[in-house]
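**Student:** Dumping the structure here so I can ask a few things about it.
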């Protein structure tokens, strides 16, 4: 799992020092990556998002799952 | 003085932007250059010794409005006095909307639409007549039947080319049909079938003031090229008749702005094969031999007196080479997340 | 803790194929209103998807086109091309503005009559006109434009039946330097076929040639082709009047003027490549003045459709779902598909949002609701992350979609017109089961219990 290694800067630019790939990401994505790296459960992340933002837990959970799909496609998650 | 320049893709298929920017900086180090880039990874975005600040733009195919708004944003946030577009794809927009830019206080120096249409291959026959040079036998075709007739008449090998872009040498009918389809699918009709003419390819860079006067001309011969046909090494030449043709072109059509003429020359027989209504990628070659056309164009734009002499020496060589720049990934980060680089200090 | 505005999580790889994904530009294109009325409100009231026409835009476009021609050549008449959009409300706007009707089938002819247009104000074109419809059109004094020699025979029979001479025009085709040449309609000028048709009509003695018609192509980006067309038509007119003795009262140069739509396969944007109406008008009227001999100036007819209506029509559709595709692109599924957007096959549409959405843009594909792989409205567009229910405004879609849409697996949606005074009128109701079932007959023995 490479997300632990991602160096995300304040502009939302991420560099993966192991693969050399670069990404841009938004604040929500950054938060989810940090949580995933710490081993937080998907449902728990969705709950946190719904408490912090104007989004339902159901929508947030779909987004987390979809986001994980994307991270896998980018090779950032196994 | 802040000048925006496009075509900062200084790759193995280079745009003219870096040559233009370098010419301006060498003539007057107080000029600030703004790179107009279509890709965050364009080398020009990282070459802070030539480009002071870069902005990422939407492609011209997305319409004029986003580009115009971007230029207004640059003017407001950084300052912008003039823009020099250098890429074929963006010229139609800039030429059509040059008055809008003028109203917004951004100067350009471009041909009008009528002059711009001269580059159409359909028109080269007429231009050749006006310039009193020869023109190869050419047939305009719209379908395969007409293509067959045309290649029968002209014979093989022949050149199959689009009206604005692309040209291929065809050695057989199947090849001609293949190129016909390939070019028409991408660029539409007409397709031109042309006889192959003997001679060397020679090129002339120049600029006109729009009143019939030349701002300077330099003729060259490409000595080596890349597999895309881009010049790698070249040498300046003084072919009197060729230079006269270029001067007549400026005079008779009152050409305004930069241009490049591509010609096939067999002793005194000159054939015009292409007019590029912009600076070529090798623009710095002319600057290096004393004919700084970007600076002259900028001077004319601002009604300043400039050195307009046509003098240069033949036998001067241009040698292109590769060079590596090592920088921090932060620059890419700025471009990728903000769409513009930090303003660099002018070193 | 204050609740923050939610932005869906987005991550994009920086790569040259999507060099601008993630960059906070292009600026999102936002359209909140059509004809001054909020799009969100219309969707709330009438549902989604919705076709919306802007009456004011139609009238303004018509007036500027009419002005471009009439200021140069006063004896001009527009005919509204029914096939481009034959919604009653749309046709009525053009008729109120002074356009007559241009139809290409007996169905369109009946539609125009039903709307209250008199036969004399109908131009009847097309390669196939059923015999009965020719009888009706001749009786009612329509302008019949003959496409074939067979049709000359039919019309002579009609003349016998009615016991009177019928005024007619012939459709012409010619080389205007445009490819493809629309040579399958009418009579060719260069080969002499057109002159043969004129002589054939004269020899029959039952029809009187009063007009010449042509239509050289569609979405014409070269205004000069019209100059060639008009020149050839006027020269033929001169020849016909001199050699055959018919008096040509009108020349109908057809339509084909482009709209500000982005043709697939053409790199440059429409504002750069599409000629202005003045370019077209100048090409046509200058050819008239340069070639007309003597003092009789025939009436000029125009049948431009797309140019007048395309940009006044919008399709509003809503996001119903989204997913990540295996190539990492996002797919949005929306509630309107290519069954409603026939012109998708040659245009890349302008797609706008009805609200600003913060966040970075990512490459996305917009898919319709059909169970077909071809249901793609845009295969590559940069969009910020949309939420369910977000709306996309697709334009220009005013031309040809309403007439060429398909009732395939779904009901066709409502069509609205925002009127000049800002009212919203429902001009076509959403289809329902009975609309489709009414025409079907289930044999008795197949009836299920």
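The values are calculated or read from the model by the stated rules, or taken from the named source; none is laboratory data. Since the model is a prediction, treat every value here as computed from it, not as a measurement. Using ideal geometry, Cβ is built from the backbone for each residue, glycine included, and neighbour counts are taken over all protein chains shown.
**Student:** When you scan the stretch C:77-130, how many residues do you find that are free of Cβ contacts under 8 Å to residues at least 24 places away in the same chain and on the phi > 0 side of the Ramachandran plot?
**Tutor:** 2
**Student:** Of the residues C:223, C:258, which single one is crowded, with 17+ Cβ neighbours inside 10 Å, within 14 Å of chain B (Cβ to nearest Cβ) and without any contact (Cβ under 8 Å) to a residue 60 or more places away in the chain?
**Tutor:** One residue alone meets the criteria, C:258.
**Student:** Kindly indicate the residue of the stretch A:3-20 that is in a loop (DSSP other than H, G, I, E, B) and more than 17 Å from residue C:362 (Cα to Cα) and also nearest to the other protein chains (Cβ to nearest Cβ) among those meeting that condition.
**Tutor:** It comes out as A:9.
**Student:** Looking only at the stretch B:268-286, which residues are outside any strand (DSSP E or B) and either touching a strand residue (DSSP E or B) at 6+ places or on another chain (Cβ under 9 Å) or free of Cβ contacts under 8 Å to residues at least 12 places away in the same chain (or both)? Outline the logic, then answer.
**Tutor:** Here is the first cut: in the stretch B:268-286, the ones outside any strand (DSSP E or B) are B:268, B:277-286.
Passing the criteria: B:277, B:278, B:279, B:280, B:281, B:282, B:283, B:284, B:285, B:286.
**Student:** Right, here's the next one. Give the residue that is nearest to the other protein chains (Cβ to nearest Cβ), with candidates limited to residues of the stretch B:183-198 that are farther than 9 Å from residue B:160 by Cβ and surrounded by 14 or more Cβ atoms within 10 Å (Cβ to Cβ). Lay out the reasoning, then the answer.
**Tutor:** Restricting attention to the stretch B:183-198, the residues satisfying the condition of being farther than 9 Å from residue B:160 by Cβ are B:184-190, B:195-198.
From what is left, the residues that are surrounded by 14 or more Cβ atoms within 10 Å (Cβ to Cβ) are B:184, B:187-190, B:195-197.
Numbers: B:184: 9, B:187: 9, B:188: 7, B:189: 5, B:190: 7, B:195: 22, B:196: 25, B:197: 26 Å.
Ranking the qualifying residues of the stretch B:183-198, first place goes to B:189.
**Student:** Suppose the filter is at pLDDT 90 or above, within 15 Å of residue B:217 (Cβ to Cβ) and either out of contact with any helix residue (DSSP H, G or I) (no Cβ under 6 Å at 6 or more places or on another chain) or more than 14 Å from every other protein chain (Cβ to nearest Cβ) (or both); does residue B:313 pass it?
**Tutor:** So residue B:313 fits the description; yes.
**Student:** Also, I was wondering about something else. Of the conditions (1) without any contact (Cβ under 8 Å) to a residue 40 or more places away in the chain; (2) crowded, with 20+ Cβ neighbours inside 10 Å, residue C:397 clears all except one; give me its number.
**Tutor:** So the condition that residue C:397 fails would be (1).
**Student:** Oh, and also: Residues A:29, A:46: which one is in contact (Cβ under 8 Å) with a residue 12 or more places away in the chain, in a helix (DSSP H, G or I) and at the interface with chain C (Cβ under 10 Å from one of its Cβ atoms)?
**Tutor:** After ruling out the rest, the residue left standing is A:29.
**Student:** So in the stretch C:361-378, with the set limited to residues that are in a strand (DSSP E or B) and within 14 Å of chain A (Cβ to nearest Cβ), which one is modelled with the highest pLDDT?
**Tutor:** The first filter runs over the stretch C:361-378 and keeps only residues in a strand (DSSP E or B), leaving C:362-367, C:376-378.
Among the residues that remain, those that are also within 14 Å of chain A (Cβ to nearest Cβ) are: C:362-364.
On the way: C:362: 88, C:363: 89, C:364: 93.
Among those residues, the one meeting the criterion is C:364.
**Student:** Please give the number of the condition residue A:23 fails out of (1) in contact with a helix residue (DSSP H, G or I) (Cβ under 6 Å, 6 or more places away or on another chain); (2) facing chain C (nearest Cβ under 10 Å); (3) outside any helix (DSSP H, G or I).
**Tutor:** In the conditions (1) in contact with a helix residue (DSSP H, G or I) (Cβ under 6 Å, 6 or more places away or on another chain); (2) facing chain C (nearest Cβ under 10 Å); (3) outside any helix (DSSP H, G or I), residue A:23 misses (1) alone.
**Student:** Conditions: (1) over 27 Å from residue C:310 (Cβ atoms); (2) not in a strand (DSSP E or B). Residue C:94 meets all but one. Number of the miss?
**Tutor:** For residue C:94, the exception is condition (1).
**Student:** Is there a residue in the stretch A:56-63 that is outside any helix (DSSP H, G or I), modelled with pLDDT under 95 and either within 26 Å of residue C:327 (Cα to Cα) or in contact with a helix residue (DSSP H, G or I) (Cβ under 8 Å, 6 or more places away or on another chain) (or both)?
**Tutor:** No, the conditions are met nowhere in the stretch A:56-63.
**Student:** Which members of the stretch C:92-104 meet the condition of being farther than 13 Å from residue C:304 by Cα and either at pLDDT below 95 or in contact with a helix residue (DSSP H, G or I) (Cβ under 8 Å, 6 or more places away or on another chain) (or both)?
**Tutor:** C:93, C:97, C:98, C:104
**Student:** Out of the residues in the stretch C:379-412 that are modelled with pLDDT of 95 or more and in a strand (DSSP E or B), which is farthest from residue A:29 (Cα to Cα)?
**Tutor:** C:395
**Student:** Of everything in the stretch B:1-49, what is under 17 Å from residue B:338 (Cα atoms), assigned to a loop (DSSP other than H, G, I, E, B) and in contact with a strand residue (DSSP E or B) (Cβ under 9 Å, 6 or more places away or on another chain)? Give them in sequence order.
**Tutor:** Those that are under 17 Å from residue B:338 (Cα atoms), assigned to a loop (DSSP other than H, G, I, E, B) and in contact with a strand residue (DSSP E or B) (Cβ under 9 Å, 6 or more places away or on another chain): B:38, B:39, B:40, B:42.
**Student:** Exactly one condition in (1) under 26 Å from the mean Cα position of the chain (by Cα); (2) buried (at least 19 other Cβ atoms within 10 Å of the Cβ); (3) away from every other protein chain (no Cβ under 14 Å) is not met by residue C:345; state its number.
**Tutor:** The one condition residue C:345 does not meet is (2).
**Student:** Here's something else I'd like to know. Is it fair to say residue B:54 is surrounded by fewer than 20 Cβ atoms within 10 Å (Cβ to Cβ), under 24 Å from the mean Cα position of the chain (by Cα) and either closer than 24 Å to residue B:331 by Cβ or modelled with pLDDT under 95 (or both)? Before you say what the answer is, go through the steps one by one.
**Tutor:** Details: surrounded by fewer than 20 Cβ atoms within 10 Å (Cβ to Cβ): no; under 24 Å from the mean Cα position of the chain (by Cα): yes; either closer than 24 Å to residue B:331 by Cβ or modelled with pLDDT under 95 (or both): yes.
No; evaluated as a whole, the condition is false for this residue.
**Student:** Report yes if residue C:175 is surrounded by fewer than 22 Cβ atoms within 10 Å (Cβ to Cβ), outside any strand (DSSP E or B) and within 14 Å of chain B (Cβ to nearest Cβ), otherwise no.
**Tutor:** yes
**Student:** Part of a loop (DSSP other than H, G, I, E, B) and either farther than 30 Å from residue B:342 by Cβ or within 12 Å of chain C (Cβ to nearest Cβ) (or both) - does that describe any residue in the stretch B:75-94?
**Tutor:** yes
**Student:** Residues in the stretch A:32-43 that are within 10 Å of another protein chain (Cβ to nearest Cβ) and over 22 Å from residue B:329 (Cβ atoms): how many?
**Tutor:** Total satisfying the criteria: 1.
**Student:** How many of the residues making up the stretch B:107-135 are assigned to a helix (DSSP H, G or I), touching a residue at least 60 places away in the same chain (Cβ under 8 Å) and either out of contact with any helix residue (DSSP H, G or I) (no Cβ under 7 Å at 6 or more places or on another chain) or more than 30 Å from residue B:81 (Cα to Cα) (or both)?
**Tutor:** Residues of the stretch B:107-135 that are assigned to a helix (DSSP H, G or I), as a first pass: B:113-117, B:121-130.
Narrowing the set further to residues that are touching a residue at least 60 places away in the same chain (Cβ under 8 Å) leaves B:115-116, B:121-122, B:124, B:127-128, B:130.
From the residues that got through so far, the ones that are either out of contact with any helix residue (DSSP H, G or I) (no Cβ under 7 Å at 6 or more places or on another chain) or more than 30 Å from residue B:81 (Cα to Cα) (or both) too are B:121-122, B:124, B:127-128, B:130.
Qualifying residue count for the region: 6.
**Student:** Right, here's the next one. When only residues in the stretch C:75-112 that are more than 18 Å from the chain's Cα centre (by Cα) and surrounded by 18 or more Cβ atoms within 10 Å (Cβ to Cβ) count, which is farthest from residue C:342 (Cα to Cα)?
**Tutor:** Filtering the stretch C:75-112 for residues that are more than 18 Å from the chain's Cα centre (by Cα) and surrounded by 18 or more Cβ atoms within 10 Å (Cβ to Cβ), the one farthest from residue C:342 (Cα to Cα) comes out as C:76.
**Student:** Surrounded by fewer than 21 Cβ atoms within 10 Å (Cβ to Cβ), touching a residue at least 24 places away in the same chain (Cβ under 8 Å), outside any strand (DSSP E or B) and touching a helix residue (DSSP H, G or I) at 6+ places or on another chain (Cβ under 7 Å): is that true of residue C:358 in this structure?
**Tutor:** no
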